[in-house]
Amino acid sequence: MKISILGVSRSGKTCYISAMSQVLKNCNLGNGCRVSLKTNDIAKQLELDNNFMSMATEREWPKGTDTTTSYDFRIHFQSQDASLQLSSLTMDDYRGGMLNGMGKQDKIDRDSFIESLSDTAVITFLIDGTTVLNAMDELDKDATHRGETQASEKLAAINEISIMENILYQRIQNKTDIPPVLIVITKSDVFASKEELNNGISLVKDLLSALFSFGNRLFVGITTVSLGSGLDKGDNNSIIGQLDISTQNNIHIPMLFAFYAYLDAEYEIFPDKTNTDKVMSAIRKVFAGKISFYDNGKEAFSID
Ligand SMILES: Nc1nc2c(ncn2[C@@H]2O[C@H](COP(=O)(O)OP(=O)(O)O)[C@@H](O)[C@H]2O)c(=O)[nH]1
Ligand SMILES: [Mg+2]
């Protein structure tokens, strides 16, 4: 199966992938469930490990790059009474510039991305929490964040969030199949309160209304992730704040969503239905309270 990770430059893709690769190596999900995800390529795993180590020990954010990288993982999920393994889960981390660049190569890359959607199991779209804050109306923000954003900054933020809809719009109009989409608001530690975060989520849903409107035949999830609390960038690219990459901050959720969406889409190829049903039901319990689902534009409740 193939997952695409998209997000403009600085949206947090590299940080997320490196944190996720650490948390999911051997992850206890509670209720007797575990998941493990590792790369099939040793060099890639070392690279991810080193990336995270320089964050944790040297307290330095990863350097920005604008290249598309592909990872090949294997994933194994196990609950008290069922287990399932996928030996190859490819993740394409698309270079951010491809989404909003005006260059010739950007257009070529965008077109080839849209074409590749036919064999993509899940699109994961990362949106920077700071961008969400900048796009929000002043009154929807926490008092501590009011009066910080200029009008031009707000407009730029709104445009940045809308990109995903613009890219998928044609396909939605033509009713061409679109794989499940997961919207991930990154850096959720920048929100001052739960209320502010919820207002941010509502705005994202409004700005991407084609993904959340009735009759669109799409399966869409929305969630938030963070690498810790009070995080920021200091001098020389240094990390300010507390890193805490844990299931508490939802680091595991996007990969489990991809796994779940794949099982849902390819249900027929797994011969042992009882086992698959048990695995899917266990994953739905892990999602409870951490992700909202919309099926054909209607909020779908995942808990059973
Ligand atoms: N507050 C906060 N900042 C983050 C977090 N993750 C990343 N950042 C910041 O966002 C910057 C860009 O992240 P990066 O992963 O390089 O983005 P990419 O260009 O999409 O790969 C980092 O240098 C950090 O300053 C987070 O969880 N919380
Ligand atoms: Mg990057």
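The values are calculated or read from the model by the stated rules, or taken from the named source; none is laboratory data. Keep in mind that what you see is a predicted model, and the values were worked out from it rather than measured. Here Cβ is always computed from backbone atoms with ideal geometry, including for glycine, and neighbour counts include all displayed protein chains. The accessibility values were calculated without ligands, DNA or RNA, using every heavy atom of the protein model including side chains. Shrake-Rupley method; radii C 1.70, N 1.55, O 1.52, S 1.80 Å.
Hey, got a sec? Which GluC sites (Glu not before Pro) in the range 46-109 land in a DSSP loop and have at most 16 other Cβ atoms within 10 Å?
On the way: sites: Glu47, Glu58, Glu60; in loops: Glu58.
Hits after loop and neighbour filter: Glu58.
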| request: Classify the range 66-162 as rounded, prolate or oblate from the Cα gyration tensor: take a ≥ b ≥ c as the square roots of its eigenvalues, call it rounded if a/c is under 1.5, otherwise prolate when a/b beats b/c and oblate if not. | output: oblate
| note | One point scatterer per Cα, no solvent, Debye formula: log10 I(q)/I(0) for the chain at q = 0.09, 0.13, 0.16 Å⁻¹ comes out as -0.43, -0.95, -1.51
| Restricting to the chain, what percent of DSSP beta bridges are antiparallel, rounded to 5? | 60 percent
| note | antiparallel share of DSSP beta bridges within the range 179-300, to nearest 5, in %, is 70 percent
| the chain: relative contact order as a whole-number percent, Cα under 8 Å and 6+ apart | 20 percent
| Going highest first, how would you order 22-29, 120-127 by mean Cβ packing within 10 Å? | 120-127, 22-29
| note | With the label point 7 Å along the Cα-to-beta-carbon line of Arg74 and a cut-off under 19 Å to each amide N, the hits in the range 233-270 are 256, 259-260, 263, 270
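Starting from the Cα gyration tensor of the range 43-114, take the square roots of the eigenvalues, sort them a ≥ b ≥ c, and report rounded, prolate or oblate (rounded when a/c is under 1.5, otherwise prolate if a/b is larger than b/c, else oblate).
oblate
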| said: Order Leu46, Leu182 by their accessible area, 1.4 angstrom probe, all chains in place, largest first. | reply: Leu46, Leu182
| request: For a label point 7 Å from the Cα of Lys25 along Cα→C-beta, name the residues of the range 39-72 whose backbone N is under 19 Å from it. | output: 39-60, 62, 71-72
| Using the Cα gyration tensor of the range 71-225, with a ≥ b ≥ c the square roots of its eigenvalues, what is the shape: rounded (a/c below 1.5), prolate (a/b larger than b/c) or oblate (neither)? | oblate
| message | With every atom except the alpha carbons ignored, what do you get for Rg and Dmax of the range 102-147, in angstroms? | response | 17.1, 45
| said: Using each residue's phi in the range 96-110, evaluate 6.51 cos²θ - 1.76 cosθ + 1.60 at θ = phi - 60° and report the 3J(HN,Hα) Karplus result to the nearest Hz, with x for Gly and Pro. | reply: x, x, 5, 5, 10, x, 9, x, 5, 5, 4, 5, 4, 5, 4
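Using a probe radius of 1.4 Å on heavy atoms only, what accessible surface per residue do you get for the chain? Whole Å² is fine. Mind dumping the intermediate values first?
On the way: 14170 Å² over 304 residues.
Roughly 47 Å² per residue, with all protein chains present.
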| Mean separation of Cα contacts under 8 Å (6+ apart) over length of the range 68-151, as relative contact order % | 17 percent
| task | Could you work out how far the C-alpha centroid of the range 245-304 sits from that of the range 128-180, in angstrom? | result | 26 Å
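At 1.4 Å probe size, with the rest of the protein present, what percent of the exposed accessible area of the range 111-242 is carbon and sulfur atoms?
Values: 2870 of 6100 Å².
Carbon and sulfur atoms account for 47 percent of the accessible area of the range 111-242.
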| request: Provide Rg and Dmax in Å for the range 145-304, with only Cα atoms included in the calculation. | output: 17.9, 57
| query | Using modelled amide H (1.01 Å from N, peptide plane; none on Pro or chain starts), what sits under 5 Å from the amide H of Thr224, excluding residues fewer than 5 places away? | reply | Ile185
| Is it possible to state the helix-based mean residue ellipticity at 222 nm for the chain, with each DSSP H run of 4+ residues giving -39500 (n - 2.57), the sum divided by total residues, to the nearest 500 deg cm²/dmol? What is it? | -12000 deg cm²/dmol
